[in-house]
Amino acid sequence: MNWCKLRIWSHFAPLGRTILVYDAAMTDDQVRVQGATGVDLTLHVAGPGNRSYAFLIDWHLRLLLALAWLLLAAALFKLSLNLKTHDALLSILPAIGIYLLYHPVIEIVLRGRTPGKRMAGLRIVTRQGGTPSVGALLIRNLFRLVDSLPAFYAVGLICCFVSANRVRIGDMAAGTLLVMEDGGAAKSLERVSAIANNSRLSLDGLELIDQLLERWESLAPSKRKAIAQSLLERLEPRGAAGETGVAAMDEAQLRTRLHQLLHGGEAAA
Amino acid sequence: MGEQHGTREWLNARAAAWRKTAQLVPALRDRSRATLGEALDAVESYSALARDLATARQLAPRSRTTAGLETLYAQLHALISRKPPFGRSGLLSLLRERVPAAVVELRSRIVAIAALMAVSAVAGWCLIEAYPELIGLFASNAMIEQVEQGHLWTEGMINIIPSSILSISILANNIVVSVFAFCSGILFALGTFYLIALNGLLLGSAFAFVHQHGLAAALFKFIIAHGPVELSVICLAGAAGTAIGESLIRPDRGTRRDSFQACTARVTPILVVGAALLVGCGFIEGFISPDPRFGLPFRIAIGTSYWIFMLLLLSGRLFRRPLVSALEPPA
């Protein structure tokens, strides 16, 4: 998700609070793909920063796994770590295997995801938005040899900066894209749809209250109180608390009222 | 007010379906197979979600609900367009159809690359015959000293490193060379030409050098068991690399990128089979080639039969579909 530009949410603007909002029209790093139903789907392409973040997590993981194997082999099974002995078959070679085959194996097993990509909110898809095939994932990983040249993935990184859709050579060869998956949006949808049946609020109101309650603990007390009051005044101008009621409410009461509204309380808007 | 009411009604009507879809997607994504009912459910949900997304884009284009629907729609799209798992049928299709098709496509390139390697080998031989001191460019000092003392560098190899370890290190090295020959095709095939020519030059110069010290027969005896397939696979990888280069120079699709992608998908099966063959080569080179107990006839037999096996594999004859008579009644 690109949070590169700021947009002021009109509801919060009077309070001088700027909130980062994803705006689909803002960025070029998007691919529109025709869905099977004729309705387009939008893929948000990951940039070099997100790629590097996911790669670093995976690099640490595979290094740790390989080192853990070596440690286990040496300490627990008393195997020699000398490459010129038979023990190397069970000690050093599996560790090298874990390190070198981590990406192709995990990507194939998890269908285009690795733990690092999962943590960074990324996944590999085809240029048509589908799940990549085993062949495509193998090709993508074969070309790591070129992308990693001459060191530190320099070729791949430069390619990501200059290519359309921010892809490295492996992705071009395999016809894949690394896209961002907005887990927050999916969770938010699930939450909004769960409370929608009980609430009489409009979609805007529902989402605003849901977001405010979600961020409640992370906001400064004075700010969240001001936002809550402003929100309640907009959503129920002649609400249960009366004309001066909202201004007189303390934080706990405001929060309770927002909860009530979200889960079925009356509201004018 | 009326529009807001309509939005709320729509939200209330569809919320349950979205919740169900949101639970269906992760459940199906983590499994390789789905029941027919689940698959039909997914397709129906996909259609319904497409309608909802189109509505949401109209009613609340910048809401989190729309963003959530976009995400869910993209996930479901990836799910329903997933190919079947690569199992036995996928492997058979690879060996029966895709590999032979790639070989047919690359025929002329394979011949050209083999010729390039042969010419480079002859050039290497001539170079060392004319200027023996140039062997320092191709071989290490230790190797040169050993040959000058009348011993091949391969002698006693299995006394230093166990055969199993030797095999794995050799096969890994060979696979990396093949993959490099293939991938360096991206430099408009120049990288592939360079690698193939360099390998030919090394081979020719090494043979010329050992020939000067009366060890050519010993080197031939060492490489004959694994060499034919090993060199052939490197040539195949090189041919695939040149195809990639040509797809970039003369794209046969809309764009260079499309052409590159299509060509890579067509020729990569050769590399996969080549890598499997190199595993066999590695074991032959680790267990048979350095072992003095195996005589020349046995090595020639191994080398020849493995090469024939490779030809059968690449032509698709090894896994040919059984012929079914048209007159035979169906089972």
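The values are calculated or read from the model by the stated rules, or taken from the named source; none is laboratory data. Computed from a predicted model, the values in this text were never measured in an experiment. Cβ placement follows ideal geometry from the backbone for every residue including glycine, while neighbour counts extend to all protein chains displayed. Just so you know, the surface numbers come from the protein's heavy atoms only, side chains and all, with ligands and any DNA or RNA stripped out. Shrake-Rupley method; radii C 1.70, N 1.55, O 1.52, S 1.80 Å.
Quick look at the numbers
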read-out: Among (1) at pLDDT below 90; (2) within 26 Å of B:Glu246 (Cα to Cα) - the single one B:Met157 does not satisfy; value: (2)
read-out: Extreme residue, modelled with the highest pLDDT, among residues of region B:15-63 that are away from every other protein chain (no Cβ under 11 Å) and assigned to a loop (DSSP other than H, G, I, E, B); value: B:Thr35
read-out: Some residue of region A:106-123 being open to solvent by less than 70 Å² (accessible area, probe 1.4 Å) and over 20 Å from the mean Cα position of the chain (by Cα); value: yes
read-out: Subset of region A:170-207 [open to solvent by less than 20 Å² (accessible area, probe 1.4 Å) and either closer than 28 Å to A:Gly156 by Cβ or more than 10 Å from chain B (Cβ to nearest Cβ) (or both)]; value: A:Gly170, A:Asp171, A:Ala173, A:Ala174, A:Gly175, A:Thr176, A:Leu177, A:Leu178, A:Val179
read-out: Scope region B:78-117; condition free of Cβ contacts under 8 Å to residues at least 60 places away in the same chain, in a helix (DSSP H, G or I) and open to solvent by 30 Å² or more (accessible area, probe 1.4 Å); matching residues; value: B:Ile80, B:Arg88, B:Ser89, B:Leu91, B:Ser93, B:Val104, B:Arg107, B:Ser108, B:Val111, B:Ala115
read-out: Residue, surrounded by the fewest Cβ atoms within 10 Å (Cβ to Cβ), within region A:135-167, restricted to residues that are more than 10 Å from chain B (Cβ to nearest Cβ), touching a residue at least 40 places away in the same chain (Cβ under 8 Å) and of a type outside the set (A, V, I, L, M); value: A:Phe161
read-out: Hits in region A:178-234 (condition: under 25 Å from B:Leu76 (Cα atoms), charged (D, E, K, R) and not in a helix (DSSP H, G or I)); value: A:Glu181, A:Asp182
read-out: Candidate set from region A:37-50 (those that are more than 14 Å from every other protein chain (Cβ to nearest Cβ) and open to solvent by less than 30 Å² (accessible area, probe 1.4 Å)); member that is farthest from B:Arg57 (Cα to Cα); value: A:Pro48
read-out: Within region B:55-67, considering residues that are free of Cβ contacts under 8 Å to residues at least 12 places away in the same chain and within 44 Å of the chain's Cα centre (by Cα), the one surrounded by the fewest Cβ atoms within 10 Å (Cβ to Cβ); value: B:Arg57
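Table: residues versus (1) within 20 Å of B:Val279 (Cα to Cα); (2) more than 22 Å from the chain's Cα centre (by Cα).
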| site | (1), (2) |
| --- | --- |
| B:Ile223 | yes, yes |
| B:Leu231 | yes, no |
| B:Gly245 | no, no |
| B:Leu248 | no, no |
| B:Arg257 | no, no |
